[in-house]
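A short write-up of the structure that comes next.
The values are calculated or read from the model by the stated rules, or taken from the named source; none is laboratory data. Only a predicted model underlies this, so the values are computations on that prediction, with no experimental measurement involved. Here the Cβ positions follow ideal geometry from the backbone for every residue, glycine too, while neighbour counts run over all protein chains shown. SASA here: full protein model, heavy atoms, side chains in, ligands and nucleic acids out. Shrake-Rupley method; radii C 1.70, N 1.55, O 1.52, S 1.80 Å.
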Amino acid sequence: MRTRIFALLAILLVAFATSSLADGKKKDKKKETVTYIVSMTCENCKQRIEENIPFEKGVTDLKVDLPAKTVTIEYRADKTTPDKLKAAIQKLGYTAMPFHPKKKEDKN
Amino acid sequence: MMKRIVNALAVSLLAVVGLQAADNHEKVKGYVLDKEGSPLPGAYVYWTDKSSRCVTDTEGYFEIVRSLKADSLCFDYVGFQSRRMKVDKPGEVQVVVLESSAALQEVVVTSRTIGTLKNRKSVFGTESISAGELTRAACCNLSESFETNPSVDVAYSDAVTGAKQIQLLGLAGTYVQMLTENFPNQRGAAALYGLDYIPGPWMQSIQVSKGAASVKNGFESVTGQINVEYKKPKIADPLFVNLFASDAGRYEGNAVGAVELNERLSTALFLNYYNEEQSHDKNGDSFLDMPKMQSFSVMNRWHYQTPRFVSQSGVKVLTDKRTSGQTMHTLPDGYAYEPYTIGLRVNRVELFSKNGFILNPDRNESVAVIVSGSYHDQASNYATDAYNVYESNVYGSLLYESEFGRQHKLCAGMNFNWDKYAQRGNIVARYMPGVHNVTENTTGAYVEYTWTPMEPLTVLAGLRADYSSLYDWFVTPRLHVKYDIAEWFHLRASVGKGYRSTFVLPDNSYLLAGSRTWHVADELTQESAWNYGVNASFYIPLGDEELTLSADWYYTDFQNQIVVDLDSDAHAVSFYNLQGRSTSSVFQVEASYPLFRGFTLLAAYRWMDVKCDYNGRRLRKPLQSRYKALATASYETPLKKWQFDLTAQFNGGGRMPMPDVANPLWAKDFGAYTVLNAQITRRFRHWSIYAGGENLTDFKQKNPVVGADNPYGPDFDATMVWGPTMGRKFYIGVRFNIPKV
């Protein structure tokens with residue numbers, strides 16, 4: 001019984017520790033976000049982007065949406081540029097086009 | 001806005017009612033780009049049946065009404081090569097890249113989807129374990145790959161030999177059909193140690209289906225099917241290396257190399273070596289806690305593909321050597337007998353070839369031929385007793401598949417299976433004289449029909465008839481139904497029959513690790529059982545994320561079973577045909593929720609009621625927990641550079657086989673216990689490092705070897721195992737890969 005309680009506590013502890021970690025994240029002024037439409041076709045393409053783009057200089061966050069074919073990158077403007085990030089995606093063998101979500105809303 | 005809401009309501013209402021007309025209102029959306037990623041405005045987009053067409057806007061964006069008949073879109077743009085593309089996932093955004101006319105390179109026409117891991121749509125209740133999931137724990141081999149899976153248990157069969165058994169639905173692993181690359185493998189003698197024969201880093205994914213499975217692969221699955229997919233030469237990284245070491249003295253190395261020789265031909269080479277040569281006897285019972293092991297395996301596979309033909313072939317060779325029991329070092333001073341050692345030596349060769357011909361791509365009409373074979377040479381000794389088995393298997397399958405419109409799909413085929421067991425050693429002469437060689441041929445044919453009368457309903461019915469050289473004719477019916485009551489609520493039900501031929505010695509050789517006398521009935525018949533299952537899955541949007549809930553219940557009812565009776569006599573094991581009833585009823589609930597980005601919690605609880613008539617007494621299955629619960633917490637930092645995993649397994653208590661009444665050597669029951677595992681992974685672009693601990697609470701079954709002080713006496717029994725025999729263990733490993741360019 002004691003080990004069971006201990007095991008459950010450990011899991012909860014990890015949950016709380018990491019949640020406070022995530023909440024504590026501050027928005028940096030230098031950080032900017034860019035979204036690309038990328039010619040991904042399957043789960044493997046998504047994985048490849050997730051395995052490589054985080055290690056590009058200046059990248060601070062990454063979201064890959066396979067059904068919507070979008071790759072959203074948060075980056076530090078003093079360390080990299082959208083062109084460099086686009087080139088990094090192209091280097092992996094995919095075609096990338098800058099995406100402007102606001103315009104899309106007007107269309108609908 | 002109002003219109004949009006009304007539209008959305010109408011669409012969802014139609015979906016609920018299940019009118020196919022709902023399809024008509026759906027639009028396929030996407031972008032047309034050039035190779036550099038610039039939009040191509042004014043490009044023509046139309047269906048192959050010309051039912052509708054449109055032109056892209058300034059951003060290359062298009063929306064086109066779905067066609068009823070055609071599933072391929074055509075794209076035209078001046079100065080660029082026209083392109084035809086099959087729309088496999090109409091719900092997703094399509095991104096089409098056109099090549100300029102000047103470039104004469106061939107364009108890949110269809111976008112292939114390999115390794116789709118979402119099984120929501122499947123009519124079978126299949127759970128998938130991806131390569132990513134396998135990196136969450138040590139996962140040196142298949143037997144360790146189910147630690148984070150709530151449905152499958154892996155338990156040591158005994159305290160000495162290292163044989164492990166999978167359990168699905170509370171029943172022995174022999175009732176699960178094991179497949180590699182979708183053909184039966186690891187049967188008979190290979191089943192006991194075979195889980196160790198598939199190294200973790202070789203695997204692409206594992207699929208676990210509970211309950212009646214498809215009839216395509218034969219009649220054998222009673223409780224379910226487990227399929228292992230190895231890494232594919234065409235998509236694998238050119239080089240992958242994994243090194244692993246644990247404080248228990250296990251050293252392991254894996255390498256997978258893949259080469260694409262040309263557009264059609266690719267090959268991959270897989271290597272594995274492990275060594276666990278340290279001798280541990282932490283509980284001081286003079287028996288090693290784990291066998292000393294050394295194993296080497298190599299596999300080479302080839303992939304050949306043209307637009308109409310796909311062929312995959314491979315060969316795998318394995319050698320495995322284990323020594324366990326007592327050694328000169330573990331024996332206390334002054335003992336006058338030879339150490340009781342158990343030795344096992346296995347050599348195994350597997351061959352396979354799978355060939356598919358696409359006859360008509362428009363209706364997915366294809367013919368496939370699968371041929372596989374294996375030779376398994378296993379020599380074992382239990383002190384002075386010897387048991388050797390030489391097992392040969394040949395399997396062939398012919399399969400035809402075609403779609404008739406959107407609603408009907410037919411699959412038909414034939415299978416052939418040949419098993420031969422040649423058994424040697426004094427054990428055979430003692431317990432099963434005259435059964436040195438056993439051969440069985442089974443030939444069968446099947447049809448499987450899938451009917452999708454409307455989008456949310458799928459009915460799959462399969463029927464097969466087989467002729468066995470030992471058991472004559474038998475029929476295997478199976479039926480699956482899936483109904484999506486709503487987008488967030490899916491229901492599945494299945495019923496089916498399964499059969500199995502039992503070969504007593506190869507299936508149960510681990511029971512030789514003890515002094516129990518074997519009694520094998522003369523006329524053992526074929527095992528057969530019905531399996532019934534229902535499953536409800538809910539996908540509930542909660543906050544920004546989705547809460548996944550599922551509940552399932554499976555009931556297995558044996559018509560005949562070869563009962564393994566450890567209860568009637570504490571100094572014997574009997575094998576006989578079931579007289580009375582044998583059933584398994586398993587209820588499982590599971591919930592998983594991404595609490596916040598990167599953090600996923602999973603909790604599962606499984607309640608098992610497995611009962612069998614042992615010599616007229618209905619008892620629970622011995623050495624099995626009454627419940628199992630699992631809780632896992634996993635956190636990945638936003639860029640996935642760090643990953644933290646924690647897994648807790650809660651195992652309920654259970655019943656021990658009946659101890660001797662006059663001189664009880666073990667208790668009647670065993671208590672509940674908890675096992676806790678944790679791992680941290682740090683990823684870099686081309687490599688990652690991971691470190692973790694298993695069984696962190698250091699829980700061990702006390703005295704797993706009964707009568708250890710006199711292994712040559714009548715009370716010796718190493719098979720009364722219900723919990724971990726090894727304590728806390730720490731490990732560290734690295735993975736290194738050269739990615740594809």
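Numbers at a glance
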{"item": "Single residue of B:ALA672, B:ALA678 found to be closer than 25 Å to B:LEU288 by Cα and within 11 Å of chain A (Cβ to nearest Cβ)", "result": "B:ALA672"}
{"item": "Complete set of residues in the stretch B:726-741 that are away from chain A (no Cβ under 14 Å) and open to solvent by 10 Å² or more (accessible area, probe 1.4 Å)", "result": "B:MET726, B:LYS729, B:PHE730, B:TYR731, B:ILE732, B:VAL734"}
{"item": "Residue within the stretch B:618-630 that is touching a strand residue (DSSP E or B) at 6+ places or on another chain (Cβ under 7 Å), more than 12 Å from chain A (Cβ to nearest Cβ), of a type in the set (S, T, N, Q) and on the phi > 0 side of the Ramachandran plot present", "result": "no"}
{"item": "Out of B:LYS210, B:LYS232, B:LYS216, sole residue that is in contact with a Ser or Thr (Cβ under 9 Å, 6 or more places away or on another chain), charged (D, E, K, R), open to solvent by 40 Å² or more (accessible area, probe 1.4 Å) and in contact (Cβ under 8 Å) with a residue 60 or more places away in the chain", "result": "B:LYS216"}
{"item": "Close pairs from the stretch A:42-60: first in contact (Cβ under 8 Å) with a residue 12 or more places away in the chain, partner open to solvent by 10 Å² or more (accessible area, probe 1.4 Å) and of a type in the set (Asp, Glu), Cβ under 9 Å, at least 6 apart", "result": "A:LYS46/A:ASP65; A:GLY58/A:ASP78; A:VAL59/A:GLU74; A:THR60/A:ASP28; A:THR60/A:GLU74"}
{"item": "In the stretch A:42-68, residue nearest to the other protein chains (Cβ to nearest Cβ) [restricted to those that are of a type in the set (D, E, K, R), under 13 Å from the mean Cα position of the chain (by Cα) and not in a helix (DSSP H, G or I)]", "result": "A:ASP61"}
{"item": "Qualifying residue in the stretch B:270-290 (condition: within 25 Å of B:ASN355 (Cβ to Cβ), crowded, with 22+ Cβ neighbours inside 10 Å and of a type in the set (D, E, K, R))", "result": "no"}
{"item": "Which listed residue, of B:ARG430, B:ARG424, B:ARG406, is within 30 Å of B:ASP88 (Cβ to Cβ), of a type in the set (Lys, Arg), at pLDDT below 95 and assigned by TED's automatic domain parsing to the domain that holds B:VAL315", "result": "B:ARG406"}
{"item": "Candidate set: the stretch B:593-614, residues that are open to solvent by 50 Å² or more (accessible area, probe 1.4 Å), out of contact with any Ser or Thr (no Cβ under 7 Å at 6 or more places or on another chain) and under 30 Å from B:VAL564 (Cβ atoms); chosen: the one farthest from the other protein chains (Cβ to nearest Cβ)", "result": "B:TRP607"}
{"item": "Those residues of the stretch B:56-97 which are open to solvent by less than 30 Å² (accessible area, probe 1.4 Å), more than 13 Å from every other protein chain (Cβ to nearest Cβ), among the aliphatic types (A, V, I, L, M) and in a loop (DSSP other than H, G, I, E, B), in sequence order", "result": "B:ALA70"}
{"item": "Meets criteria (more than 30 Å from B:THR548 (Cβ to Cβ) and part of a strand (DSSP E or B)) for B:GLU448", "result": "no"}
{"item": "Strands (runs of 3 or more DSSP E) lying entirely in the stretch B:148-213 (those with 3 or more residues that are closer than 18 Å to B:GLY533 by Cβ and modelled with pLDDT under 85)", "result": "none"}
{"item": "Tally of residues being within 7 Å of another protein chain (Cβ to nearest Cβ) and assigned to a loop (DSSP other than H, G, I, E, B) across the stretch B:632-646", "result": "4"}
{"item": "Any chance B:THR583 is in a strand (DSSP E or B) and within 14 Å of another protein chain (Cβ to nearest Cβ)", "result": "no"}
{"item": "Scope the stretch B:647-669; condition within 14 Å of another protein chain (Cβ to nearest Cβ) and not in a strand (DSSP E or B); matching residues", "result": "B:GLY652, B:GLY653"}
{"item": "Checking B:TRP451 against (1) within 22 Å of B:GLU523 (Cα to Cα); (2) at pLDDT 90 or above, the condition it does not meet", "result": "(1)"}
{"item": "Residues of the stretch B:33-67 that turn out to be over 21 Å from B:ASP88 (Cβ atoms) and aromatic (Phe, Trp, Tyr), as a count", "result": "1"}
{"item": "Subset of the stretch B:332-352 (residues that are free of Cβ contacts under 8 Å to residues at least 60 places away in the same chain and surrounded by 17 or more Cβ atoms within 10 Å (Cβ to Cβ))", "result": "B:THR341, B:GLY343"}
{"item": "Residue that is surrounded by the fewest Cβ atoms within 10 Å (Cβ to Cβ) [pool: residues in the stretch A:74-99 that are outside any helix (DSSP H, G or I) and more than 10 Å from every other protein chain (Cβ to nearest Cβ)]", "result": "A:ASP78"}
{"item": "Subset of the stretch B:578-588 [more than 30 Å from B:LEU524 (Cα to Cα) and either outside the structural domain of B:TYR532 (by TED's automatic domain parsing) or buried (at least 17 other Cβ atoms within 10 Å of the Cβ) (or both)]", "result": "B:GLN588"}
{"item": "The stretch B:663-715, residues that are more than 30 Å from B:LYS641 (Cα to Cα) and hydrophobic (A, V, I, L, M, F, W, C)", "result": "B:LEU665, B:TRP666, B:ALA667, B:PHE670, B:ALA672, B:PHE699, B:VAL705, B:VAL706, B:ALA708"}
{"item": "Positions within the stretch A:35-59 being of a type in the set (A, V, I, L, M, F, W, C) and either buried (at least 17 other Cβ atoms within 10 Å of the Cβ) or in contact with an Asp or Glu (Cβ under 8 Å, 6 or more places away or on another chain) (or both), in sequence order", "result": "A:ILE37, A:VAL38, A:MET40, A:CYS42, A:CYS45, A:ILE49, A:ILE53, A:VAL59"}
{"item": "B:VAL256 β-branched (Val, Ile, Thr), open to solvent by less than 30 Å² (accessible area, probe 1.4 Å) and over 30 Å from B:GLY496 (Cβ atoms)", "result": "yes"}
{"item": "Residues located in the stretch B:436-445, provided they are surrounded by 14 or more Cβ atoms within 10 Å (Cβ to Cβ) and within 19 Å of B:ALA191 (Cβ to Cβ)", "result": "B:VAL438, B:GLU440, B:THR442"}
{"item": "Qualifying residue in the stretch B:107-122 (condition: open to solvent by less than 40 Å² (accessible area, probe 1.4 Å), modelled with pLDDT of 80 or more and away from chain A (no Cβ under 14 Å))", "result": "no"}
{"item": "Only one of B:ALA572, B:ALA648, B:ALA662 that is surrounded by 16 or more Cβ atoms within 10 Å (Cβ to Cβ) and either more than 20 Å from B:ASN149 (Cβ to Cβ) or in contact (Cβ under 8 Å) with a residue 24 or more places away in the chain (or both)", "result": "B:ALA648"}
{"item": "Meets criteria (open to solvent by less than 10 Å² (accessible area, probe 1.4 Å) and either more than 26 Å from B:VAL495 (Cβ to Cβ) or modelled with pLDDT under 90 (or both)) for B:GLY132", "result": "no"}
